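Please read the structure below before turning to the comments.
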Amino acid sequence: MTKYKSLQEVRAEIDAGITNCKAIVEYYLSRIKATNELNAYVEVFKKEAIERAELLDKKYRKNPDSVGKLFGMVISIKDVICYKGHQVTGASKILEGFQAVYSATVIERILNEDGIIIGRVNCDQFGMGSTNENSIYGPAKNAADPTKIPGGSSGGSAVSVQADTCLASLGSDTGGSVRQPASFCGVVGFKPTYGRISRYGLLAYASSFDQIGTLTHSVEDAALLLECIAGKDEFDCTVSQRNAENFTLNIPFKRKAKIAYFPAAFGHEMLDDSIRSKGKEVLEKLNSKGHSVEPLDFGLLDYIVPAYYVLTTAEAASNLSRYDGVRFGFRNQTAQNLNELYNKSRTEGFNEEAKRRIMLGNFVLSSGYYDEYYAKAQEVRRLIYEKTLQIFKDYDFIIMPASPVPPWNIGEKKDNPVEVYLADIFTVQANMTGIPAICVPAGNLQNGMPFGMQLMANKFEENKIFSFFRTFGNFLE
Ligand code: GLN
């Protein structure tokens with residue numbers, strides 16, 4: 001049972017004098033303890049969370065109107081987001097013991113709005129993976145069934161919300177890392193438009209894809225968090241220069257929606273039967289609510305994942321080159337010269353998945369293969385981008401499950417990375433094109449595991465997504 005489903009519920013109890021920030025933090029700390037075996041947290045900021053709660057309670061007692069928009073919200077952060085004076089390791093050995101020297105813009109903004117950060121949560125190394133098994137801290141486990149993966153790479157973030165150890169979590173989404181774990185854990189996962197939120201202070205995986213996203217119980221909290229963390233930032237030159245919009249205004253969706261789905265996705269050979277039938281149930285429900293849900297031939301579905309893995313490994317190879325054993329974190333102690341130091345530190349400091357991607361990325365960028373792989377994948381990205389944006393001339397949304405398969409058992413795909421890559425088929429389109437996408441729970445599969453459906457909208461149309469759910473309720477409501 002989840003105690004609070006939204007910040008509004010928390011605020012109602014605080015305003016009624018039933019509870020306060022300190023009691024809420026203590027409640028979540030007790031939940032963290034009780035669910036310790038899920039391995040969601042890699043560090044709990046116990047003392048400082050309590051102290052901060054006391055301070056905020058004092059501020060509220062003095063003047064209830066003086067508190068920020070996130071007052072009462074207890075938040076966990078993925079171990080790829082810098083928080084000054086706290087460790088950040090990207091779940092890697094190469095950043096073992098590294099302390100952030102500044103806070104990410106998102107952290108600054110959360111603290112400015114009186115949010116409380118309760119701990120650092122597990123993930124796949126540098127965001128590379130879909131299972132949360134590629135972590136030096138060991139796998140996080142799905143609270144619905146701890147023998148199953150929670151998804152990844154923001155697995156710890158999803159579990160921390162699912163297991164009621166915090167109200168919300170910050171994750172990052174390069175190819176689905178917020179939405180796929182949200183689907184597997186039955187929470188709301190939201191990836192905004194590329195450039196909506198500053199990436200300053202986010203450990204870079206693939207910079208032209210990475211975007212910070214949120215995991216919450218409600219769409220309403222996703223909108224609220226976005227409102228607080230989005231907008232211009234002088235520290236990130238890729239962030240949009242638009243002013244942050246108001247995402248919490250009660251703007252209704254004034255007509256029925258026009259929603260496109262790809263029959264090729266619903267008939268895909270990778271698609272598990274249980275996902276297909278749940279997905280179709282959602283489409284029928286939307287139809288019965290009066291929306292027009294129409295099939296559309298996208299044609300490029302099977303090119304998305306290969307192009308994504310060429311481009312992201314190329315960017316990752318370059319981004320991860322900064323971890324050389326000299327500047328941050330782990331350093332091999334036996335090396336005799338500089339080359340050996342680089343070599344040994346990187347060999348020991350990165351896990352198998354990160355090394356696989358560094359090698360693949362350097363390969364696709366190497367002079368003999370650049371045109372054949374990297375340049376070609378860029379062209380494919382452009383095609384996907386243009387074709388996707390074309391769809392939004394006629395449709396409000398594109399709908400798809402977040403994952404073609406239900407959560408695997410822990411260890412099940414250990415020796416099959418390519419199969420794991422291919423399962424990103426439904427989420428990477430949004431990152432390839434930079435559009436916003438949300439995954440919202442839509443009931444359970446036959447085996448009892450949660451299932452989430454994904455809705456994508458045109459660039460910077462987050463408000464359209466929020467209005468849709470505000471007006472029509474969640475998918476199966
Ligand atoms: N599973 C994808 C990958 O491994 C997505 C990861 C992410 O979004 N950070 O690249």
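Is it true that S183 is touching a Cys at 6+ places or on another chain (Cβ under 8 Å) and either away from the ligand (no atom under 12 Å from the Cβ) or farther than 20 Å from A140 by Cα (or both)?
When the stated conditions are applied, S183 passes them.
Applying the selection to segment 267-299, what residues are hydrophobic (A, V, I, L, M, F, W, C) and buried (at least 17 other Cβ atoms within 10 Å of the Cβ)?
First, the residues of segment 267-299 that are hydrophobic (A, V, I, L, M, F, W, C): 270-271, 275, 282-283, 286, 293, 296, 298.
Those that are hydrophobic (A, V, I, L, M, F, W, C) and buried (at least 17 other Cβ atoms within 10 Å of the Cβ): L271, I275, V282, L283, L286, V293, F298.
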Next on the checklist: I'd like to check something: does segment 375-391 contain any residue that is more than 30 Å from A457 (Cβ to Cβ) and surrounded by 21 or more Cβ atoms within 10 Å (Cβ to Cβ)?
Outcome noted: no
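Looking at segment 9-36, which of its residues are of a type in the set (S, T, Y) and within 18 Å of G68 (Cα to Cα)? Write out each step before concluding.
Restricting attention to segment 9-36, the residues satisfying the condition of being of a type in the set (S, T, Y) are 19, 27-28, 30, 35.
Across segment 9-36, the qualifying residue is only T19.
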Next on the checklist: Given the condition within 13 Å of the ligand (Cβ to nearest atom) and either outside any helix (DSSP H, G or I) or in contact (Cβ under 8 Å) with a residue 40 or more places away in the chain (or both), answer yes or no: does some residue in segment 221-229 qualify?
Outcome noted: no
Checklist entry - Looking only at segment 96-129, which residues are touching a strand residue (DSSP E or B) at 6+ places or on another chain (Cβ under 6 Å) and either over 23 Å from Y323 (Cα atoms) or surrounded by fewer than 23 Cβ atoms within 10 Å (Cβ to Cβ) (or both)? => result Q99, V106, G115, I116, I117, I118, G119
Checklist entry - Regarding G213, is this residue within 16 Å of the ligand (Cβ to nearest atom), within 21 Å of F451 (Cα to Cα), in contact with an Asp or Glu (Cβ under 7 Å, 6 or more places away or on another chain) and not in a loop (DSSP other than H, G, I, E, B)? => result yes
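Could you check segment 313-327 and list, in sequence order, the residues that are in a helix (DSSP H, G or I) and crowded, with 17+ Cβ neighbours inside 10 Å? Spell out how you get there, then give the answer.
Just the residues of segment 313-327 that are in a helix (DSSP H, G or I), to begin with: 313-322.
Within segment 313-327, T313, A314, E315, A316, A317, N319, L320 qualify.
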Checklist entry - Is at least one residue of segment 95-117 out of contact with any Phe, Trp or Tyr (no Cβ under 9 Å at 6 or more places or on another chain), part of a loop (DSSP other than H, G, I, E, B) and within 16 Å of the ligand (Cβ to nearest atom)? => result no
Next on the checklist: Looking only at segment 118-155, how many residues end up being in a loop (DSSP other than H, G, I, E, B), more than 13 Å from the ligand (Cβ to nearest atom) and among the aliphatic types (A, V, I, L, M)?
Outcome noted: 4
Item to check | segment 415-427: number of residues that are part of a helix (DSSP H, G or I) and either crowded, with 22+ Cβ neighbours inside 10 Å or more than 10 Å from the ligand (Cβ to nearest atom) (or both) | outcome: 3
Next on the checklist: Need pairs with beta-carbon distance below 7 Å; first residue under 11 Å from I77 (Cα atoms) and without any contact (Cβ under 8 Å) to a residue 60 or more places away in the chain and within segment 112-138, second within 13 Å of the ligand (Cβ to nearest atom) and acidic (D, E); sequence gap 6+ or separate chains.
Outcome noted: C123/D79
Next on the checklist: Quick test of your reading of the structure: A204 fulfils all but one of (1) within 22 Å of V101 (Cα to Cα); (2) more than 13 Å from the ligand (Cβ to nearest atom); (3) of a type in the set (A, V, I, L, M, F, W, C); (4) surrounded by fewer than 24 Cβ atoms within 10 Å (Cβ to Cβ). Name the failing condition by number.
Outcome noted: (2)
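Bear in mind these aren't lab numbers, they're just calculated from the coordinates by the rules spelled out. This is a predicted model, so every value here is computed, not measured. Here Cβ is always computed from backbone atoms with ideal geometry, including for glycine, and neighbour counts include all displayed protein chains.
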